There are 4 protein chains.
Amino acid sequence: MNEHPVRGYSADKDQLRRRLARIEGQVRGIQKMVDEDRYCIDVLQQIAAAQAALNKVALGLVDGHVRHCMVETDGDARRRDEMTGELMGAVGRLVG
Amino acid sequence: MNEHPVRGYSADKDQLRRRLARIEGQVRGIQKMVDEDRYCIDVLQQIAAAQAALNKVALGLVDGHVRHCMVETDGDARRRDEMTGELMGAVGRLVG
Amino acid sequence: MNEHPVRGYSADKDQLRRRLARIEGQVRGIQKMVDEDRYCIDVLQQIAAAQAALNKVALGLVDGHVRHCMVETDGDARRRDEMTGELMGAVGRLVG
Amino acid sequence: MNEHPVRGYSADKDQLRRRLARIEGQVRGIQKMVDEDRYCIDVLQQIAAAQAALNKVALGLVDGHVRHCMVETDGDARRRDEMTGELMGAVGRLVG
């Protein structure tokens, strides 16, 4: 856990929350489909929708990180290198 | 919504439910991290974990579909073609 | 290396070859862009195009495998299980 | 086509070339496998290897772009915004 005063996503925090609440609802909906023995292909379609929504949230966080957190590193080459390394770790995990 | 008597995942339904309940908890945890203004990179790591867990559920559903649903199509070429088409649609959405 | 008399992709072999030849050309084009010091973002766009083309080839192979190879397993539960396992390994690697 | 004096990947240009030459060889190897009617699953494994190698090249380019190109935008908020937009477009295509 890092202690940074400004979150890159602060400006869009409400949008981020709404999206995550919707994804939580999607995952609950998938559980309900399983409970009701719905057809695998229909369940898979809902999983793909939840994954696309999570990807969108992740890309929004990466964008906010580059725009708002990394901007603070102007002139501090060591900190910038560190943050670029963190960013690449995160992007690498998303790319899979 | 299709009406098929046997779900491919029925045998593993409890495991599937447990996994989806855990993913719901992960998404709730991500919302909490956002509420607490946690560092973007840490939030991204949790999103990647939830995505990996959803992928695992999806692959389990594909496996169950091939093993249990498609097996019923033995000798029915038309139905097999239809199910292969559905399967490929689902796999294509997962591959992205 | 397995010895199976019928390839799932045999029917579409020419299309498959043409696609792969085109991808080889795309990769050569990317090398040329690097030689010419082209802008990273433009190079990345071409890499994404080559990846999309490889994905399409891979999905075509999966489709052919299910339609043509797995059909031979009718009534042979052990062989079907084995081929489903192979298929899931391949799909899992594509999903990443 | 953009006209930027410094490529982010210049320092690693030789490594990048070697990797792309190897990927070109992988794609040619896949064509040979198809010509020889090799088993679909074995072909799919080689496609997954080529995709992983392309992903690695792409992540290296993103890293170089952030470290070397975007560093030039210090103090130029408009240009930084533009480059972040380009970067996110590229990352979004990789994430799929």
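Brief remarks on what is shown
- Among the residues making up segment D:36-94, those that are among the basic types (Lys, Arg) and either in contact with a Phe, Trp or Tyr (Cβ under 7 Å, 6 or more places away or on another chain) or crowded, with 18+ Cβ neighbours inside 10 Å (or both) are D:Arg38, D:Arg67, D:Arg80.
- Count - residues of segment C:64-75 that are touching a residue at least 12 places away in the same chain (Cβ under 8 Å) and more than 7 Å from chain D (Cβ to nearest Cβ): 5
- All conditions in (1) out of contact with any Ser or Thr (no Cβ under 9 Å at 6 or more places or on another chain); (2) at negative phi hold for B:Gly75, with the sole exception of (2).
- Pairs with Cβ under 8 Å, 6+ apart, first in segment D:28-53 and facing chain C (nearest Cβ under 7 Å), second polar (S, T, N, Q) and assigned to a helix (DSSP H, G or I): D:Ile30/D:Gln46; D:Asp37/C:Ser10; D:Ala50/D:Gln26; D:Gln51/C:Gln51; D:Gln51/C:Asn55
- Filtering A:Val27, A:Val62, A:Val95 for residues that are under 25 Å from B:Leu54 (Cα atoms), out of contact with any His (no Cβ under 9 Å at 6 or more places or on another chain) and modelled with pLDDT of 95 or more leaves a single hit, A:Val27.
- The set of residues from segment D:20-68 being acidic (Asp, Glu), in contact with a helix residue (DSSP H, G or I) (Cβ under 8 Å, 6 or more places away or on another chain) and over 21 Å from C:Val43 (Cβ atoms) comprises D:Asp35, D:Asp37, D:Asp42.
The values are calculated or read from the model by the stated rules, or taken from the named source; none is laboratory data. Computed from a predicted model, the values in this text were never measured in an experiment. Reconstructed Cβ throughout: ideal geometry from the backbone, glycine too, with neighbour counts over all protein chains shown.
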